[in-house]
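Working notes for the structure below.
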Amino acid sequence: MRTIRFGVIGCGLMGREFASAAARWCHLSDMPARPEIVAVSNRGEEPRSWFTRNIPSVRQSTGDYRELLANPQVEAVYIAVPHHLHQEIYCAAIEFGKHVLGEKPFGIDRAANEVILASAARHPELLVRCSSQFPYFPAVQRIGRMIQDRAFGTILEVNAGFLHSSDLNPDKPVNWKRRVETNGAYGVMGDLGMHVCHVPFRAGWLPRNVRAILSNVVTERPDASGQRVPCETWDNATLLCEAEDRASGSLFPLSLKTQRIAPGESNTWFIEIKGMRASARFSTRNANILGLLEYEGGAQEWREICTGFTPMFPSITGDIFEFGFTDAVQQMWAAFVTELAGAPLPDTILAQAATPWEANLSHRVFTAALVSAEKRTTENV
Ligand SMILES: NC(=O)c1ccc[n+]([C@@H]2O[C@H](COP(=O)([O-])OP(=O)(O)OC[C@H]3O[C@@H](n4cnc5c(N)ncnc54)[C@H](O)[C@@H]3O)[C@@H](O)[C@H]2O)c1
C-alpha cells in the first residue's frame, strides 16, 4: 500500500480529527494508500505538542506554515485554520505544489474563494478538495444512489439543514468563530453552510435565487477576561431558494437552514427530499435510520431502513454495528486519499469529496443571502 505523507496546518479541533482518522487507518479494508502525518504547523506550540505526543510519525513541528510547505517530504496538506487565513494559506500550499484538503468555507468570502479557485485552476496537476463529511453516512450514500438512479421522480421539495445549540448559552465566551474579522460576514453560513449545500449541489439541484432571513440573537458575549464584547456574527440563517433540477429543468423550493442556536440540537445534520416517486429523510440524530417512502400508487408508507455500519469504503466493523461522526470523517479521508492515489472511486455521485466548484457555488449563495437579508429581497444567485 502506498504511503502519502501529509502535513497538517492548524492543529485545533479538526486537525486532531484528521490525526485520529489517519491513526486508525487499519480500520479500512483494501485501501490503495494510507496517509502518514509527518509535519504539523500551528502558530501556538501547545496544539502541536498534542501531535508530537500522540502521532509518532511527526518529524517536523513548526510555528511557520511556510516551513512546512517548504518540506519536500510533505506531499499533501490538510488545512484547518480560521477563515481569514484560508486564502493566504490555501494559495501558498498550492503554489508550493502540495495537494490540499481545505476546510470549509474555503475562503472567508466570495472574493477570497475566487482567488483560491484561480490558484487551483493554475495547478490542475494538484488535487484540491473541500472538507465535508456528512455525505459519507451510509444512509446518505443510499440517498446518493437513489439520486443517481433518478428514483425520486420529479423533485417536489428539498430541505437541508445543520443545527447546533453550541451558542444557546449567552455566557459562552466569544471566540474567532463569533467575530466577523476572523469568521467572515457569513457568520453561521460560513461555519455550517457548505455541509448543507454539498448533497443538493452534487445532485444537480442548483439554487437560482435566494430569500434569506438571518438572525443575530446574542449580540454580546464575554471575552477571555469576562468583559462583554460585541458578538457580531449571524447566529441563525434560513435560506429559501428556488432551485433547478439540472437533469430535468424543473424548479422546486430548496431550503437551507443553518443554526448555532437551535435548542435541543447538538450537531444535527439533516436532509429531506420529497419526490413524485419516492421521498427520503435522514437526520444524524438517528444516524443509522433512513426513512423512505416509495410511491407506486395505492398506500403511502414510510419505511425505516436500518442502515447499520455499511459505509462506502468497507471496514473491519460488522454491518450490524452503528456508524457515527468520526466514521464519516474517516470515510471522507478515504475518498480524498483514494483520489490522490489515482485509484478509482466507487461509482456513486457522493463518492468524491466536495470540489472547489461546489464551494464556490456555496459562496455565491451566501453572498446573495447577505444582500437578501439586508434588503429583504429575493436575490439571484
Ligand atoms: N468539517 C467539520 O465538521 C468542521 C468542524 C469544525 C470546524 N471546521 C472548519 O475547520 C477550520 C478550523 O476550525 P477548528 O474548529 O479546527 O478551529 P480551531 O480554533 O480548533 O483550530 C484552528 C487552529 O489553527 C491555528 N492557527 C491559527 N493561525 C494559524 C497559522 N497562521 N498557522 C497555523 N495554524 C494557525 C490555531 O492556533 C488553532 O489551533 C475552519 O475552517 C472551520 O470552519 C470544520
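Every number here is computed from the coordinates shown, using simple stated rules; none is lab data. This one's a predicted model, so the numbers in the text were calculated from it and none came from an experiment. FYI the Cβ positions are ideal-geometry reconstructions off the backbone, even for glycines, and counts take in every protein chain you see.
Below are the figures for this structure:
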quantity: Residues TRP205, TRP302, TRP234 arranged by fewest to most Cβ contacts within 10 Å; calculated: TRP302, TRP205, TRP234
quantity: Fewest-first ranking of TYR295, TYR186, using other Cβ atoms within 10 Å as the exposure measure; calculated: TYR295, TYR186
quantity: Whole-number D in µm²/s for the stretch 205-328 (Stokes-Einstein; Kirkwood sum over Cα pairs; 37 °C, 0.692 mPa s); calculated: 181
quantity: Label-point gap, in nm, between TRP302 and LEU156 - each point 7 angstrom along Cα→Cβ; calculated: 1.3
quantity: Dipole moment magnitude, nearest 20 debye, the chain about Cα centre, only Lys, Arg, Asp, Glu C-beta charged; calculated: 200
quantity: Virtual spin-label span in nm between SER250 and CYS26, 7 Å along Cα→Cβ; calculated: 5.1
quantity: Fraction of the pair-distance distribution of the stretch 107-184 above 22 Å, Cα-Cα pairs, percent; calculated: 58
quantity: Dipole of the chain [Lys/Arg +1, Asp/Glu -1 at C-beta], most positive-end residue of THR378, PRO253, ALA118; calculated: ALA118
quantity: Modelled label reach - ARG43, point 7 Å along Cα→Cβ, the stretch 169-205 residues with backbone N closer than 11 Å; calculated: 176, 182
quantity: The stretch 203-272: translational diffusion in µm²/s, Stokes-Einstein, Kirkwood Rh over Cα pairs, 4 °C, 1.567 mPa s; calculated: 89
quantity: Dipole moment magnitude, nearest 20 debye, the stretch 2-130 about Cα centre, only Lys, Arg, Asp, Glu C-beta charged; calculated: 300
quantity: Sequence-distant lysines (8 or more away, or on other chains) whose Cα lies within less than 29 Å of LYS172; calculated: LYS104, LYS257
quantity: Cβ-based charge dipole, the stretch 2-130, positive-most Cα from ALA70, PRO32, GLY10; calculated: PRO32
quantity: Per residue convex hull volume, Cα atoms of the stretch 289-381, in Å³; calculated: 193
quantity: Efficiency of FRET between GLN148 and ALA121 - r from beta-carbon atoms, R0 25 angstrom, step 0.05; calculated: 0.35
quantity: Binned Cα-Cα distances of the stretch 2-130, short to long, each 5 Å bin given as a whole percent; calculated: 2, 11, 23, 24, 20, 12, 6, 1, 0
quantity: Whole-Å distance, taken between Cα centres, linking the stretch 312-374 and the stretch 15-60; calculated: 20
quantity: Amide N of the stretch 95-132 lying under 18 Å from the label point, which is placed 7 angstrom from the Cα of ALA341 along Cα→Cβ; calculated: 99-101, 127-128
quantity: Relative exposure of SER362, SER166, SER266, judged by other C-beta atoms within 10 Å (fewest first); calculated: SER266, SER166, SER362
quantity: Two-site label geometry, LEU293 and VAL229: point separation in nm, points 7 Å out along Cα→Cβ; calculated: 4.9
quantity: Principal axis box of the chain, alpha-carbon based, largest edge first, Å; calculated: 64, 51, 40
quantity: Cβ-defined net charge surrounding LEU214, 9 Å radius [Lys, Arg +1; Asp, Glu -1]; calculated: -2
quantity: DSSP beta bridge pairing in the chain, given as percent antiparallel to the nearest 5; calculated: 65
quantity: Selection of trypsin sites (Lys or Arg not before Pro), the stretch 283-381, meeting DSSP coil and at most 16 other Cβ within 10 Å; calculated: ARG376
quantity: GluC sites (Glu not before Pro), loop per DSSP, at most 10 other Cβ atoms within 10 Å - longest free stretch of the chain; calculated: 126-295
quantity: Reachable aspartates and glutamates, given that their alpha-carbon falls under 17 Å from the alpha-carbon of LYS98 and they are not under 8 places away in the same chain; calculated: GLU36, ASP64, GLU67, GLU75, GLU88, GLU125, GLU339
quantity: The chain: calculated mean residue ellipticity at 222 nm from DSSP helix runs of at least 4, using -39500 (n - 2.57); calculated: -9500 deg cm²/dmol
